[in-house]
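Q: Submitted below is the structure of interest, expressed as structure tokens.
Throughout, read-outs are computed from the coordinates displayed, never taken from laboratory work. What you see is a predicted model; the values in this text were computed from it and never measured. Because the Cβ atoms are built from the backbone with ideal geometry, glycine has one as well, and the counts that use them run over all protein chains shown.
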Ligand SMILES: [Zn+2]
């Protein structure tokens, strides 16, 4: 068995000078959250205190749909009350705009006036229906409210649990277990083959995609796996391509329900694609000129990229324009 002593020296830290002051993650949808979470301020009565504050503003959901009034996703406590917010399901996101920010849900049977619009968050993000700051906060709000909706019972002893810590924990009154909101890491990668003078990237198509759309490959990180190993395993499983070096590019909160997309560029060591037909209906190599045409919407075969809110768009763009 190899020990750490037998490995060559790890790569040294190169300093910050080569890094752009603008993070690539900032260009992805749901990355604009400016809420000050103040996680040290999550006392047992934190939600009730925040709801009683006249400056409180609340993001509201019915199931997984966002409520807005004339495009504005923020409601006062009185407005939320009138719409039938379930007070016991409200969570404290943090502070912004001079007051507390919360998230809450209304019942499936609540009667909502016609001035209120209900939209799923993905459509709102693609359509640019609200600001980047609100989209980021709505991602936090949706992941948390969906976690509470799906994790009412203790995973250890099946007793009904109670919200604690402003909504960032559920406690079991029977066995004492504490449950925390999960974030599921997903690797999403653009494999690049630039061996022997080539200059191509690998994109795949899932059957559920819109016509013509091709995107990066992606998959959940498994327990006991590094990000780099997950990129290599998923690319081989989905496309039969062997990967060497892996370079992190950007991350994106993905609140469906609670993933963190970890975007990487991946060095292809082989070229023959063997698509996993249970996941992909097609996978192809595209030249850098084709990738630029795909982003511009001028590819001769009508191939399209995901929209700019998606991290896949930026992985492709960073390579195509690099
Ligand atoms: Zn329990």
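Q: Where a ≥ b ≥ c are the square roots of the eigenvalues of the C-alpha gyration tensor, would you call region 68-155 rounded, which needs a/c under 1.5, or, failing that, prolate if a/b is larger than b/c, or oblate?
A: rounded
Q: Treating the angle as unsigned and between 0 and 90°, give the value, to the nearest 10°, between the Cα long axis of helix 311-320 and the longest Cα principal axis of the chain.
A: Orientation of helix 311-320: about 30 degrees from the principal axis.
Q: Right, next: Given axes a ≥ b ≥ c from the Cα gyration tensor, I'd like to know whether region 21-134 is rounded (a/c under 1.5), prolate (a/b larger than b/c) or oblate.
A: Oblate is the answer for region 21-134, as a/c is 1.5 or above yet b/c matches or exceeds a/b.
Q: Using only the Cα atoms of region 40-99, what do you get for the radius of gyration and for Dmax, in Å?
A: When restricted to Cα atoms, region 40-99 yields Rg and Dmax of 11.5, 34 Å.
Q: If you count, for each residue, the other Cβ atoms within 10 Å and average over each peptide, how do 311-322, 279-290 line up from highest to lowest?
A: Packing proxy ranking, top to bottom: 311-322, 279-290.
Q: How tilted is helix 227-239 with respect to the longest principal axis of the chain? Cα atoms for both, answer in degrees (0 to 90, nearest 10).
A: 70 degrees
Q: Past the 13 angstrom mark, what percentage of all C-alpha to C-alpha distances in region 257-310 do you count?
A: 75 percent
Q: Right, next: Can you report the principal axis dimensions of region 163-204 using only the alpha carbons, biggest first, rounded to whole angstrom?
A: If we take the Cα atoms of region 163-204, the spans are 63, 20, 15 Å.
Q: Contact order normalised by length for the chain, with contacts defined as Cα pairs under 8 Å and 6 or more residues apart; what percent is it?
A: Dividing the mean separation by the residue count of the chain yields 17 percent.
Q: While we're on this one: For a Förster distance of 30 Å, can you work out the FRET efficiency between the beta-carbons of residue 119 and residue 53, rounded to the nearest 0.05?
A: Numbers: r = 27 Å, r/R0 = 0.90.
Once the sixth-power term is evaluated, E becomes 0.65.
Q: Compute the Rg to Rh ratio over the chain from the alpha carbon atoms, using the Kirkwood formula for Rh, and round to two decimal places.
A: The Rg/Rh ratio comes out at 1.02.
Q: Oh, and also: Taking Cα atoms, how many degrees apart are the long axis of helix 132-150 and the longest axis of the chain, rounded to 10 and kept between 0 and 90?
A: In the chain, helix 132-150 runs at an angle near 70 degrees to the longest axis.
Q: With N denoting the number of residues in region 1-78, provide Rg(C-alpha) divided by 2.2 N^0.38 Å, to two decimal places.
A: 1.95
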